[in-house]
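Read the structure below first, then the notes.
Derivation of every value follows stated rules applied to the coordinates shown; laboratory data play no part. Since the structure is predicted, the reported quantities are computational estimates derived from the model, not experimental observations. So basically every Cβ, Gly included, is an ideal-geometry build from the backbone, and we count neighbours across all protein chains shown.
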Amino acid sequence: MVIGLYIHVPFCRQKCAYCDFYSLPAQEEAIERYLELVVAEAALWGRVPAVNTVFFGGGTPSLLSAHQISTVLEGVSRYFCLTKDAEITLEANPETLRPADLLEYRRVGINRLSLGVQTLSSELLLRLGRRHSPQQA
């Protein structure tokens, strides 16, 4: 049996008015504790035969550092058998993503990004409360 694994990262810099997903204000102490609990929950599952997809969704998973993602992936890998060609996706907000982050994310195993580009219209981005420009996206 092969399964996909979804890891919800419920932290955001701000709550977007259009978003119905569960999210909390990003506070480093809460993020660290939450990530510890994600790994602890993985231990409750026992050994799963194979995982071919890991998806970090949210919230704003790109608020996590490469080190935090690496720690979660290493912890989860103790309880879930990731296939060699597993697709590991990180949802990212253009506002929180820097070029240096991309290299670090790749280094720790992220091999796919889902970029949250709601629109390329400056006016609509402003109305939506997004903090990035079309050029940043």
Which percentage, to the nearest 5, of the DSSP beta bridges contained in the chain is antiparallel?
0
Hey, what does the equivalent ellipsoid look like for the range 2-128, semi-axes from the Cα gyration tensor as sqrt of 5 times each eigenvalue, largest first, whole Å?
26, 16, 13
Subtract the Cα-Cα distance of ASN111 and THR83 from 0.36 nm times their separation in residues, and report this length gain in nm to one decimal.
8.8 nm
In what sequence do PHE55, PHE21, PHE80 fall when counting other Cβ within 10 Å, fewest first?
PHE21, PHE55, PHE80
Separation of the range 53-116 and the range 4-28 by C-alpha centroid, Å?
15
With labels modelled as points extended 7 Å from the Cα through the Cβ direction, what inter-label distance (nm, one decimal) is found for VAL38 paired with VAL2?
2.3
Proxy reagent accessibility, fewest Cβ within 10 Å first, across LEU35, LEU24, LEU90:
LEU24, LEU35, LEU90
